[in-house]
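Enquirer: Next up is a structure, given as structure tokens.
A short reminder: the numbers here are calculations on the coordinates, not readings from a lab. Everything quoted here is computed from the prediction, not taken from an experiment. Here the Cβ is made from the backbone with ideal geometry for all residues, glycine too, and neighbour counts use every protein chain on show.
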Amino acid sequence: MKEFYLKPKFFETIKSYSKDQFIKDIIAGLIVAIIALPLSIALALASGVEPACGVYTAIFAGFIVALLGGSCVQIAGPTAAFATVVAGIVATKGMSGLIIASLMSGIILILMGVLKLGSLIKYVPKTITVGFTAGIAVTIFLGQIKDFLGITYLDGAKPIEAIEKVEANIHNILTFNWQSLLVGAICLAILIIYPKFEKRVPPSLIAVIVGALLVNLIPVFNEGTYTIGELYTIPQGFPKFTLGEIKFDLDTVISLIPNAFTIAILAGIESLLSCVVADGMVNSKHNPNSELVAQGLGNMASVAFGGIPATGAIARTAANIKNGGRTPIAGMVHAVVLLLVVLFLIPYASLIPMPTIAAILFIVAYNMSEWRSFVKIVSTKKITDILVMVLTFALTIIFDLVVAIIVGLALHFIIVLLKKIGKKA
């Protein structure tokens, strides 16, 4: 009998599950949760939403993608790739608009999986993925300069676009706070140097602890250095179901269709790329169609409980593998541990300084920047490839990801078409 094409990996791996692997999965899940906590908070803030939203995303999307996904080791949650998209939607349509767009993207992802479109993702050219990934990295970096330097916007400005943030930072540069800069610099140094000597404890956790101790115990560092708790409220307890509060307006739904497709395409690309990387690390083969369905369901569950869009996170997936995780149980444990943190320990997250969050996001931006691939494509001296990549990169920074992907894909297919016409002539 032919196997169901959307069968989750969980039901395959559980057949031969052992006690030894269970212990390894528990340890891996716990370590990944420790890594995911500060990252989830940081990525939520970079996305223009409350810090708890990032943790809710890792909990609900993380659990569902692990349970129903097409990879044995995928870890899902908030990622930097979505930050600019989410921030743009929240700024113009509010959280209700984000929820509607994410629900629609979830439906699109499910349909992509059901229609067996998982393999089509590989046809998105690398020039475009490298271009928008590098553009997102630059956007995230620029967005964190304010908190890293402790800059105050005297005119009450709330810039959204990357260029607007640069202008606001330059205009208010004289308000920078040396204590914030020093805290951020110390945490950034920890994130860069610590992994060279010790790899067992996540550097982001050490940076968070050191930053919190500096600001909360040493008075001189507290002057003008804001913590998460001073700027945001982090609720303790089980996340609230939010769908009942959303009013679905036809005009709003129609206006959010481009954003929904962007979220779906981006979630599909990022998740399946993460699966491919994971396959190489554990010598396995993922099921792309069941992964897309799981990502769709995970995104819908995430926003239903106050989260934001999610996708497979390559760095957290790699950390899961390196620490012994080999089945979806590890991803489920990671989600459960984060839920326990929300229920009992979330007030401690309010002690984290904003410059520490900025330092973590600087490293996230660098790690996702794809600068080596960017340089490699430039070094090929293929003008058409360079043009598509650079245009996608520039449009991501200047406008947004929706414009960048649409224009980048359109230019790519026009070039492909012209080449085919040229060969026939």
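Enquirer: Can you list the residues, at least 5 places off or on another chain, whose amide H is less than 5 Å from the amide H of Thr227, using H built in the peptide plane?
Expert: Correct list: Met354.
Enquirer: Hey, another quick one. What FRET efficiency would be calculated for the residue pair Val336, Ile206, taking the C-beta separation as r and a Förster radius of 25 Å, to the nearest 0.05?
Expert: With R0 = 25 Å, the Cβ-Cβ based efficiency is 0.55.
Enquirer: Using the Kirkwood formula on the Cα atoms of the chain, what hydrodynamic radius do you get, in angstrom to one decimal?
Expert: Radius from the Kirkwood sum: 21.9 Å.
Enquirer: Percent relative contact order of the chain, based on C-alpha pairs within less than 8 angstrom and at least six residues apart?
Expert: 36
Enquirer: For the chain, what does -39500 (n - 2.57) per DSSP helix run (n ≥ 4), summed and divided by total residues, give at 222 nm, in deg cm²/dmol to the nearest 500?
Expert: Dividing the helical sum by the residues of the chain leaves -23000 deg cm²/dmol.
Enquirer: Output ³J(HN,Hα) for segment 413-424: one whole-Hz value per residue in order, computed from phi by the Karplus curve 6.51 cos²θ - 1.76 cosθ + 1.60 with θ = phi - 60°, and x for Gly and Pro.
Expert: 6, 5, 5, 4, 5, 5, 5, 5, 5, x, 5, 6
Enquirer: Taking square-rooted eigenvalues a ≥ b ≥ c of the alpha carbon gyration tensor, is segment 115-242 rounded, prolate or oblate, where a/c under 1.5 means rounded and, failing that, a/b exceeding b/c means prolate?
Expert: In terms of gyration-tensor shape, prolate.
Enquirer: Follow-up. Where does each of 285-296, 322-333 land if you order them by average Cβ count within 10 Å, highest first?
Expert: Per-residue mean Cβ counts within 10 Å order the peptides as 285-296, 322-333.
Enquirer: Ordered by residue, what ³J(HN,Hα) values in Hz, to whole numbers, does segment 331-345 give under the Karplus form 6.51 cos²θ - 1.76 cosθ + 1.60, where θ = phi - 60° and Gly and Pro are x?
Expert: Values per residue, Gly and Pro as x: x, 5, 4, 4, 5, 5, 4, 5, 5, 4, 4, 4, 6, 10, 10 Hz.
Enquirer: Between the alpha-carbon centers of segment 351-425 and segment 119-134, tell me the distance in whole angstrom.
Expert: Spelled out, the Cα-based centre of one part sits 8 Å from the other.
Enquirer: State, to one decimal in nm, how far the label point of Lys7 lies from the label point of Leu182, with both points 7 Å from Cα in the Cβ direction.
Expert: If labels sit at Lys7 and Leu182, their model points lie 6.2 nm apart.
Enquirer: Rounded, prolate or oblate: which one fits segment 1-118, using the alpha carbon gyration tensor with axes a ≥ b ≥ c (rounded when a/c is under 1.5, else prolate when a/b beats b/c, else oblate)?
Expert: The shape class here is oblate.
Enquirer: Return the single residue from Tyr56, Tyr17, Tyr123 with maximal mean-square fluctuation; model: Gaussian network over the chain, springs between Cα atoms under 10 Å.
Expert: Tyr123
Enquirer: Compute the semi-axes of the equivalent ellipsoid of segment 230-359, taking the square root of 5 times each eigenvalue of the Cα gyration tensor, and list them largest first in whole Å.
Expert: Semi-axes from the Cα gyration tensor: 27, 24, 14 Å.
Enquirer: Identify, among Ala278, Ile100, Ile140, the residue whose Cα sits farthest towards the positive end of the charge dipole of the chain, taking +1 on the Cβ of Lys and Arg and -1 on the Cβ of Asp and Glu, with the dipole about the Cα centre.
Expert: Of the candidates, Ala278 comes out farthest on the positive side.
Enquirer: Across segment 50-67, in residue order, what do the Karplus-derived ³J(HN,Hα) couplings come to in whole Hz, using 6.51 cos²θ - 1.76 cosθ + 1.60 with θ = phi - 60° and x for Gly and Pro?
Expert: 5, x, 5, 4, x, 5, 4, 4, 5, 5, 6, 5, x, 5, 5, 5, 5, 6
Enquirer: Arranged from highest to lowest average of other beta-carbon atoms within 10 Å per residue, in what order do the peptides 412-424, 369-381, 39-51 appear?
Expert: Sorting 412-424, 369-381, 39-51 by mean packing, highest first, produces 39-51, 369-381, 412-424.
Enquirer: Dipole size in debye (nearest 20) for the chain around its Cα centre, Lys and Arg Cβ +1, Asp and Glu Cβ -1?
Expert: Using only the charged Cβ atoms, the result is roughly 1780 debye.
Enquirer: Just want to confirm a number: the relative contact order over segment 227-384, from Cα pairs under 8 angstrom separated by 6+ residues, in percent.
Expert: Once normalised by length, the contact order is 39 percent.
Enquirer: Note the full-extension length gain between Leu120 and Thr233 as 0.36 nm times their separation in residues minus their Cα-Cα distance, in nm to one decimal.
Expert: My answer for the length gained is 36.5 nm.
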